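Computed from the coordinates by the stated procedures, all read-outs in this text should not be read as laboratory data. What you see is a predicted model, and the numbers here were worked out from it, not measured in a lab. Counting neighbours? That spans all protein chains shown, and the Cβs are built from the backbone with ideal geometry, glycine included.
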Amino acid sequence: MPRLGQYRTLQADKIVQTVARLERRIQERFPDAGLVRVATELHEIARESLVRSLQIRQPNIGLRLLIGVLITFLVVVMGMLISQLHFDREHLRALFDPENFVQVFEAGLGSLVFMGAAILFLASLELRWKRQRALEAIRELRALAHIVDMHQLTKDPESTLRGGPATPSSPRRTLSPFMLNRYLDYCTELLSLVTKIGAIYVQDFPDPVALESVDQLADLTSGLSRSIWQKMIILDRVVGDIGEQSWLSGNPHVLLSPAVPAQNDGESTAASG
């Protein structure tokens, strides 16, 4: 029986296990593909997210003590300066003179603003440090999402299925419809897990800036996945028209069948780099 509330939060360790399983699946299906290295990198980032998210979530006691000491020091210094002021009757009359009062008021207000800004800066130091850690991690995930997209750029289902004259720089198209479908599906799974890892960082750290960055990451991966799904729809439609066996028998340059692992999936140099 599932524990009450188990499905109300993301389980970071379960996400790591899912990434590890996906890495094994890609390795077994495409042992020599660059996508395996991408999955391995995502697995490493997922493991790092366990430590990073914990550091972001937990209070930094040492930093809080230091900030508390500095704020106390500022308040004590301000109090000492105020205690050194002595006013007699003549000074009070001079103070309430319109010209003197404006000057004293401006000076006092400036000091208070400076003191408040210093205290606010120190008080928000921990939040800004955690935000920077979260944004750096999300930036890594955004770069990895683009790398996944680079690996599927040359996976054109129509060119693979219908053929056509190739140029010296054309990528090798050695994947059968089944293998091409699996490759594209793995790419969408990687993109989905990229978003899930990003959500780990803000699950217990509801900072507006970090939340917005994760939302932007989700929009990015959704858009990339949408373009991949369009390729899969085209693949499904064309294969449905001509049949995979007909395509295999009519293309003598096909090196792979659905049951044979890919040895070289024809990735672009930019993607594999």
Inset, instruction - Estimate the FRET efficiency between Y7 and D32 by the formula 1/(1 + (r/R0)^6), using the beta-carbon distance for r and 45 Å for R0, to the nearest 0.05. - result: 0.75
Inset, instruction - Excluding residues fewer than 8 places away in the same chain, name every one of the lysines whose C-alpha is closer than 23 Å to that of K14. - result: K196
Inset, instruction - Calculate the spin-label point distance for A20 paired with L66, positioning each point 7 Å from the Cα along the beta-carbon direction, and give it in nanometres. - result: 3.5
Legend entry - Sites S169 and Q58, calculated FRET efficiency, Cβ-Cβ separation with R0 45 Å, nearest 0.05: 0.30
Inset, instruction - Would you compute, for the Cα atoms of the stretch 1-62, the largest minus smallest coordinate along each principal axis and list the three values in descending order, in whole Å? - result: 46, 39, 11
